[in-house]
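Chemist: Please see the structure below; I have some questions.
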């Protein structure tokens, strides 16, 4: 992630081409392509060879592990960790699920090469050397991967040796160690043309005679999807991911439009998986894993599996979802629709079926819908729908629809199947906006169950349950003997949280049960997130003094009365826009969404908005204020050249307001955004 070159992120500094000439000369390198070849003293490197189609490498997206997201260069990254991950791949069934590669990232070497110019493994981290680790990984029936950079040094600030000018020597060393996968980063590249640097290492790897999967980690700076198809097997399309909803969402949006470039042996790489690192909810991690699989992305686990929860293993080992990623047709999913944060993404599969992702990027449950025909299937009497997370199969007359939880994904496999009648009908369980409850006061919620199948849903019943002590009553019928295709059962519920219930989020569970005409029973459960809140104060209040309902942020936490900073709370400086310092406000980072309860009692939200000065001259953002589901005010795209801009919205009658920061269309790097002097009038 090119974010800010500070203690917690890799400094992605690339020097200009003018500086490169001086530095290469000072290093004694004639040019990076000629200084290190199989016979360096005899003359220049051979010209790049033509693409070799059918090399058999990475015909499906690589699956495995990389330590960077969980350990960076901390002391816990060592031989015991790597061999322990290999053991867990076998013990936890990940190897059988398709994970192959156990890869190590930066900081495995000493800061200097030996007298012969060879890389030296850190004897503290790897006392038995890299070959011994590779041999151990191979003994488990797995493959081993390593890291270096297409520059004079790697990306870690301590400055480990990169491969620029040493490509053939390093490739030979990797091959001799038994390396099966190379991640080739982009730091300290001295301004040398990217394609030239990556072609040189391609040829060096081929010269070893060992099949080594080549991962081009160029961050998408030079659009490698347009030229790297005959260079490597996968190429990064974005800067680094971090363990947050905003980061994952931004990267997904950058990678989705590149579907035409993906295929067997040619993969768009939106970076590693964060599943299990703890910065997102399990719902968000399921979305992360679902969308990476829909995009035919490499599935490289970025969490320390020695510390992973059972839920993380359940997500990572879901073979039905993995099968979507590993489908041999090699298609990347394409966007069918994306209105108001409700996404439909479809992926054609080798057996003629379609994987369909109903993805909800918003902070509340949303109805997301499409049809079998829109997904690309032929006209049929009915279709089968396999839910890849619930592991259930139903039939549909053609509509594919679900109420998707906030930040959730319903992942389906849709097929023309003559056996459709043997399955129960698909139903959608929907609800109006989940209520915000003031403790001791009654609120209402309406649920609707609709039969989407070709067959009727019989003996249908719904039940709503909540925490102990809550009073939940059905005010209208909650059962129906027969619900035919297209018909619905609507039930109105009265909810009361006991007086004194602490504020915060609470989950209710809506359960639906029914059977098909053939007697096949079906049951589904939909979590309903609600909040116990306090009424907003009267008068004018600073928003940084009020509790929020939800807050998502593209980098680190949303800050109160401070700029965004880095990954930890309170690590930002004062809120500063165009040299003006503000004592009060919120520090955010695109993509960001902060929601407050207003209860219909408030009239205006106002703020001075802009990019914080800590972003330097970089970053582009737009600010939005939403009242319930209506955009009440917004700015144009702002840069650091703009002073603080006044933004005010009429929110009269709204139950909730949301402060949203969107990126300016160029990704979220350096998008530190300030809601300075933000106030709510009620």
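No lab work stands behind these numbers, since they all come straight from the coordinates. Being a predicted model, the structure only gives us computed values, none of them experimental. Ideal geometry is used to build each Cβ from the backbone, glycine not excepted, and the neighbour counts take in all protein chains shown.
Chemist: Post the alpha-carbon centroid distance, the range 230-272 to the range 140-215, in whole angstrom.
Modeler: If we compute the Cα centre of each part, the gap is 20 Å.
Chemist: Sorted from fewest to most neighbouring beta carbons within 10 Å, what does the list 290, 524 look like?
Modeler: Fewest-to-most ranking of 290, 524: 524, 290.
Chemist: What is the distance in Å between the Cα centroid of the range 102-127 and that of the range 72-95?
Modeler: What the calculation gives is 18 Å, centre to centre.
Chemist: Here's a follow-up. State whether the range 281-342 is rounded, prolate or oblate according to the following rule on the C-alpha gyration tensor (a ≥ b ≥ c being the square roots of its eigenvalues): a/c under 1.5 gives rounded; otherwise a/b larger than b/c gives prolate, and the remaining case gives oblate.
Modeler: Cα axes put the range 281-342 in the oblate bin.
Chemist: Determine, for each peptide in 336-348, 630-642, the mean count of other beta carbons within 10 angstrom over its residues, then list the peptides with the highest first.
Modeler: Answer by packing, highest mean first, reads 336-348, 630-642.
Chemist: Give me the percent relative contact order of the range 540-681, please, defined on Cα pairs under 8 angstrom at least 6 residues apart.
Modeler: Result for the range 540-681 is 32 percent.
Chemist: Quick one: grab the alpha carbon gyration tensor of the range 338-422, order the square roots of its eigenvalues as a ≥ b ≥ c, and give me rounded if a/c is under 1.5, else prolate or oblate depending on whether a/b is larger than b/c.
Modeler: Prolate is the answer for the range 338-422, as a/c is 1.5 or above and a/b outweighs b/c.
Chemist: For the chain, what does -39500 (n - 2.57) per DSSP helix run (n ≥ 4), summed and divided by total residues, give at 222 nm, in deg cm²/dmol to the nearest 500?
Modeler: Theoretical 222 nm ellipticity from helices: -4500 deg cm²/dmol.
Chemist: Sticking with this one: Given Cα pairs under 8 Å that are at least 6 residues apart, what percent is the relative contact order of the range 436-558?
Modeler: Computed over the range 436-558, the figure is 30 percent.
Chemist: Oh, and also: Among 299-310, 177-188, what's the highest-first ranking by average C-beta atoms within 10 angstrom per residue?
Modeler: So the peptides 299-310, 177-188, ranked by packing, come out 177-188, 299-310.
Chemist: Gap in Å between the Cα centre of the range 458-524 and the Cα centre of the range 602-673?
Modeler: Their Cα centres are 38 Å away from one another.
Chemist: Ranking request for peptides 277-284, 100-107, 455-462: highest mean number of other beta-carbon atoms within 10 Å first, then the rest in descending order.
Modeler: Packing order, densest peptide first, comes out as 100-107, 455-462, 277-284.
Chemist: Same structure again: Pop out the Kirkwood hydrodynamic radius of the chain from its pairwise C-alpha distances, inverse of mean 1/r, in Å to one decimal.
Modeler: Kirkwood hydrodynamic radius for the chain: 27.1 Å.
Chemist: Here's a follow-up. Could you tell me whether the range 540-681 comes out rounded, prolate or oblate from its Cα gyration tensor? Rule is a ≥ b ≥ c as square roots of the eigenvalues, rounded for a/c under 1.5, then prolate if a/b exceeds b/c, otherwise oblate.
Modeler: Prolate, because a/c is 1.5 or more and a/b exceeds b/c.
Chemist: Next question. Spin-label point model (7 Å from Cα, Cβ direction): what's the residue 340 to residue 314 distance in nm?
Modeler: The answer from the label model is 3.2 nm.
Chemist: With the contact rule set at Cα under 8 Å and sequence spacing of 6 or more, what percent relative contact order holds for the chain?
Modeler: Relative contact order for the chain comes out at 9 percent.
Chemist: Okay, moving on. In Å³ and rounded to a whole number, note down the convex hull volume per residue for the Cα atoms of the range 428-533.
Modeler: It comes to 82 Å³ per residue, whole-number rounded.
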